[in-house]
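Laboratory data are not the source of any read-out in this text; all were calculated from the coordinates shown. What you are looking at is a predicted structure, and each value in this text was computed from that prediction instead of being measured. Glycine gets a Cβ as well: all are built from the backbone with ideal geometry, and neighbour counts include every protein chain shown.
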Amino acid sequence: MKLFIKIVVMSTALIFVSCSSKEQVKTDTTKTEVKTAVVKVKTDAKVEVKAMPMHLKAKADFEITDTDKDGKISKDEFAVKVKNKFTKVDKNKDGKLSKDECPSFDKANKDGNDFVSEDELKAVCATKFAKMDADNDGFITLEEKINFIKASSKK
Ligand SMILES: [Ca+2]
Ligand SMILES: [Ca+2]
Ligand SMILES: [Ca+2]
């Protein structure tokens, strides 16, 4: 009987621990934290952004991309992000991304020449969008984004 009680207590404690850690993943960023993160990402504070926890960076990034603030990223919002990224990365403004300007160069450079064009970047990003949109409703939720990052960082 005593052992039985012990097991019940232990498993209850275990359930409690697993629930609270789950809760933590969802809520351990405050609005202020996200706000600060948004500013850092926007101002391109690279070192600070790199040091950010993944979910915080994902939230900040999501917030910036979700321009109409409906909690979802539409294809149009995503396209704006891709365009901005291209403009930002293409430092000499020749409409071409070189290998060191583009981290996903080999994947994006479909025609095998020595640069990634805006269309090539768009194509690779459209594939990424489709992969992220797990339920295929044409929108990316924060959850879908975080799941995607988790899944791709495991590889
Ligand atoms: Ca939106
Ligand atoms: Ca190319
Ligand atoms: Ca979706």
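Put a dot 7 Å past each Cα toward the Cβ at Lys110 and Glu33; how far apart are the dots in nm?
Label-label distance for Glu33 and Lys110, simple model: 4.0 nm.
Which value, in debye to the nearest 20, gives the size of the charge dipole of the stretch 75-155 about its Cα centre, when Lys and Arg are +1 and Asp and Glu are -1 at the Cβ?
Values: 18 positive and 17 negative charges, 60 e Å.
Magnitude of the dipole: close to 300 debye.
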